[in-house]
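Below is one structure; the comments refer to it alone.
The values are calculated or read from the model by the stated rules, or taken from the named source; none is laboratory data. Since we're looking at a predicted model, the values are computed, not measured. For neighbour counting, all protein chains shown are included, and Cβ atoms are generated from backbone atoms with ideal geometry for every residue, glycine included. Each accessible area value is taken on the protein alone, full model and side chains, heavy atoms only, with ligands, DNA and RNA left out. Shrake-Rupley method; radii C 1.70, N 1.55, O 1.52, S 1.80 Å.
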Amino acid sequence: MASRYRPLSEQLKKFAQEELNEVEDRVDDDVRHIKDWFVKQAHLNFQLEDQLVLSFLRCTKFRLEKAKEKINGYFTMRSLIPALFSTRDPFLPELQRLLNAGIMVPLPKVDERGSRILLSTSGKNLNPDTMSLQSFAKICYMIADILLREDDQAIVNGLTIVIACKGAQHKYVPQLTPTFIKEQAYVVLNAPFRISGMYIVDCHPIFHYAYNITSFLLPQKIKKRVVIFTEANSHEVYTNIPRDLFPEELGGSNGSLKELTVEWKKKVESYREWFLQDEKLRSNEDLRQGKPKASSDFFEANLSGTNLPVGGCSGG
């Protein structure tokens, strides 16, 4: 493979070849094919890095048309959901509060499938009066963007997401609107990652109820990967993720949550200039051939499975 791509470990290279249909001698041609298509898209009037193209190809198991759909959806969502993908200066006060709270950290050791574990802590560390769910989601996607540019373990072997919500504030329930839930589903479906599983732990009944009455909004490929554990059976999560793969503060040996919070706060802050420039990379709907897309299009598309391509690759 050409040197302009990040080299994979032998283990990841083997997985990419056997599970993601990656053929080393064909990678350059596949990347070139996608980039040739991309420059013809009037509404995507910016350059696409080779490494990012390769990430989309891996996520879609090198299905070229699927990769095109996902790239189009990824940059379209950045225009249609500006609240999540603009004003991403990590030094803004609310984002600083969320970073200090350690709302999401990638854990150093991967799970048994080789997937990167993302731990989201959303309990007593959050203040609904000063930390909105919208900004919470924004920080999560900022961290995902960093993984996309640094962590081939996450790109090749996917993500396992754990949401620890013991002590979650009831004031957040009104923020779980249908629009918010649909936006998150659209982002997950179009992000260039494969989602191995999503485990919600210590879920209070009121949040479980809120999920049940809104889950019809979610595409099936997301719903089938969500597993909810209440406060009564939270220990059962260890059948999916061994206890030792949790951080020390949660009874495991997979890093210190306190130290990881400091580390990832510094990491996100170091990307400040990149975030400020990156938010300019989005579809220009005024230039799209045919009818411009609007947020109503992807709501309808996700419910019906038609129209605006979402290119979901979760689990693959």
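Figures for the structure shown
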item: Counted residues, the stretch 100-126 - those being hydrophobic (A, V, I, L, M, F, W, C), within 17 Å of the chain's Cα centre (by Cα) and either on the phi > 0 side of the Ramachandran plot or open to solvent by 10 Å² or more (accessible area, probe 1.4 Å) (or both); result: 2
item: Residues that are open to solvent by 20 Å² or more (accessible area, probe 1.4 Å) and assigned to a helix (DSSP H, G or I), drawn from the stretch 189-199; result: none
item: Restricting the stretch 161-177 to residues that are touching a Leu at 6+ places or on another chain (Cβ under 7 Å) and part of a strand (DSSP E or B), the residue that is least open to solvent (accessible area, probe 1.4 Å); result: 162
item: Any hit, the stretch 85-98, residues being of a type outside the set (A, V, I, L, M), more than 20 Å from residue 147 (Cβ to Cβ) and crowded, with 22+ Cβ neighbours inside 10 Å; result: no
item: Qualifying residue in the stretch 59-72 (condition: surrounded by fewer than 21 Cβ atoms within 10 Å (Cβ to Cβ) and among the hydroxyl-bearing types (Ser, Thr, Tyr)); result: no
item: Hey, residue 260 aliphatic (A, V, I, L, M), at pLDDT 95 or above and closer than 30 Å to residue 97 by Cβ or not; result: yes
item: Residues being part of a helix (DSSP H, G or I) and of a type in the set (A, V, I, L, M, F, W, C) - total across the stretch 200-212; result: 3
item: Which numbered condition residue 186 misses (of (1) surrounded by 23 or more Cβ atoms within 10 Å (Cβ to Cβ); (2) modelled with pLDDT of 90 or more; (3) among the aromatic types (Phe, Trp, Tyr)); result: (2)
item: Count of the stretch 203-256 residues which are of a type in the set (Phe, Trp, Tyr) and closer than 15 Å to residue 162 by Cα; result: 3
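Table: residues versus (1) closer than 23 Å to residue 143 by Cα; (2) aliphatic (A, V, I, L, M); (3) out of contact with any Ser or Thr (no Cβ under 7 Å at 6 or more places or on another chain).
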position: 172; (1), (2), (3): yes, no, yes
position: 179; (1), (2), (3): yes, no, yes
position: 182; (1), (2), (3): yes, no, yes
position: 203; (1), (2), (3): no, no, no
position: 228; (1), (2), (3): no, yes, yes
